[in-house]
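Asks: Before I ask anything, here is the structure I am working with.
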Amino acid sequence: MKKDNFTLLIIDDDQKIIELITTFLNLRFPKIIVVTSNDIREGQFKLENQDFDLVIVDQFINGKTGLDFISQMRRTLKHSNKKFVLMSGALGTQEVAQAINLGITDILVKPFPLKHLQEKILKYSQ
């Protein structure tokens, strides 16, 4: 990991997933700054008030979708080029096509090996 002070926002309503990812990243990448959110609204507030190098967002969060959130963020100048990774246990072809149209090139399919998460962090922190 080359970039100092790499900041990551994780948005997921599953607290166990957030704790697992945060613990792994803190052990593997001690310099990374991990911020978490349990819902879309809080995640949007944090994204508006802090600069993040990468946002990992779950597809299904409390009746809302990560793709809708990303689409909304992409419409703003500030976040039009923000790097997003989508997490999901179930994506259909329509959702995958929408992700591609939104410029998302990385999807973590739950349950994913932590090695895949590590690869995404290394990719975006260079």
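Asks: Please specify each residue of segment 68-83 satisfying the condition of being in a helix (DSSP H, G or I) and over 13 Å from the mean Cα position of the chain (by Cα).
Replies: Correct list: 68, 71, 72, 74.
Asks: Could you pull out the residue among 70, 40 that is surrounded by 14 or more Cβ atoms within 10 Å (Cβ to Cβ), more than 24 Å from residue 118 (Cβ to Cβ) and not basic (Lys, Arg)?
Replies: Only one candidate qualifies: 40.
Asks: Can you run down the residue pairs with Cβ atoms below 7 Å, 6 or more apart or on separate chains, where the first is in segment 110-126 and over 12 Å from residue 29 (Cβ atoms) and the partner is surrounded by 15 or more Cβ atoms within 10 Å (Cβ to Cβ)?
Replies: 110/87; 110/88; 116/108
Asks: Condition first: of a type in the set (A, V, I, L, M, F, W, C), closer than 18 Å to residue 7 by Cα and buried (at least 18 other Cβ atoms within 10 Å of the Cβ). Now tell me which residues in segment 88-122 satisfy that.
Replies: Scanning segment 88-122 gives 117, 121.
Asks: Inspect all residues belonging to segment 73-81 and state whether any of them is modelled with pLDDT of 95 or more and of a type outside the set (A, V, I, L, M).
Replies: No; the residues of segment 73-81 include none that is modelled with pLDDT of 95 or more and of a type outside the set (A, V, I, L, M).
Asks: Would you be able to say whether some residue in segment 84-106 is assigned to a helix (DSSP H, G or I) and under 25 Å from residue 32 (Cα atoms)?
Replies: The answer is no, given that none of the residues of segment 84-106 is assigned to a helix (DSSP H, G or I) and under 25 Å from residue 32 (Cα atoms).
The values are calculated or read from the model by the stated rules, or taken from the named source; none is laboratory data. Nothing here was measured: the structure is a model prediction, and the numbers come from that model. Glycine gets a Cβ as well: all are built from the backbone with ideal geometry, and neighbour counts include every protein chain shown.
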